[in-house]
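Here is the structure we will look at.
The values are calculated or read from the model by the stated rules, or taken from the named source; none is laboratory data. Since we're looking at a predicted model, the values are computed, not measured. Reconstructed Cβ throughout: ideal geometry from the backbone, glycine too, with neighbour counts over all protein chains shown. The protein model used for the area step is the full one, side chains on, heavy atoms only, and it has no ligands, DNA or RNA in it. Shrake-Rupley method; radii C 1.70, N 1.55, O 1.52, S 1.80 Å.
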Amino acid sequence: NPTEAFLATSERSFIDSILVEKARKCVIEGNGPIVIGVDPAYKGEFSKDYTAIINRQGRRAYDLKVYHGYDTMQVTGLIVDRINKINPDKIFVDSVGIGVGIVDRLRELGYGSLVMPVNSASKAINDNRYSNKRAEIWGLMKEWLEDVPCQIPDDDMLHDEICSQGCENPDSKNRLVMQKKSELLKSPDRADALAFTFAYPVHRNSDYDRIYTGLSTSVAGLI
């Protein structure tokens, strides 16, 4: 059952369940730039994937929502609604697949300065440490969870998805390599949305001051 699965983290699990449990029970105030992570899914009738959207402000990740069967225009509308409500500093959207259309539409609507596409297969900022962008964002999310306190939504499915992601042996350059998504039992939509919030350093739109949030060992220490 899910509870036992959380406690019995497999040897291959990249992020320990205990870290996730602590973050679920923590309640803190957010500080610094507000970023949104978006992992969109195809609308297909038989698709099992969900579009997941989450906010993060410094040490606090919040307002996770998932949607099934939404097309690109509907997902764009959801993002615009968040923009109007929380005035984010940056929006990171998975640009593989339908995410390209969402990014294009947001730019057409005048949000080009806010939206940033993220390709998980692209080169990492810290290319000496991570094999690609996906490894980097998951690596930074793990560091963020390890640097307590931090807060994530108290959500069983998010917990399960974070802990279901494994990693492979380091590559020939001794860089982090994540387990392929095709090898997972299901797509970690919620966890990926959270990971996308660590894609690039962010300045606050209001004053462009860099805000330190506790990630001392990486470029994302300024996110």
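Worth pointing out:
- Taken along its three principal axes, the alpha carbon spread of region 45-199 comes to 43, 34, 30 Å, from the longest extent down to the shortest.
- Filter on K142/K180; K123/K186; K123/K181; K25/K181; K85/K133 - keep pairs with C-alpha separation over 21 Å: K123/K186; K25/K181; K85/K133
- If you plug the beta carbon distance of E183 and H68 into 1/(1 + (r/R0)^6) with R0 = 22 Å, you get a FRET efficiency near 0.45.
- For region 165-192, the residues whose amide N sits under 17 Å from a probe point set 7 Å from the Cα of D127 along the beta carbon direction are 171-177.
- Contour excess over end-to-end distance, with Cα ends at I28 and N84 and 0.36 nm allotted per residue: 17.8 nm
- Accessible area (Å², 1.4 Å probe, nearest 10) - D104: 80 Å²
- Residue order for Y67, Y50 - accessible surface, 1.4 angstrom probe, largest first: Y50, Y67
- Of the listed residues K90, K133, K173, K85, the order by accessible area with a 1.4 Å probe, largest first, is K85, K173, K90, K133.
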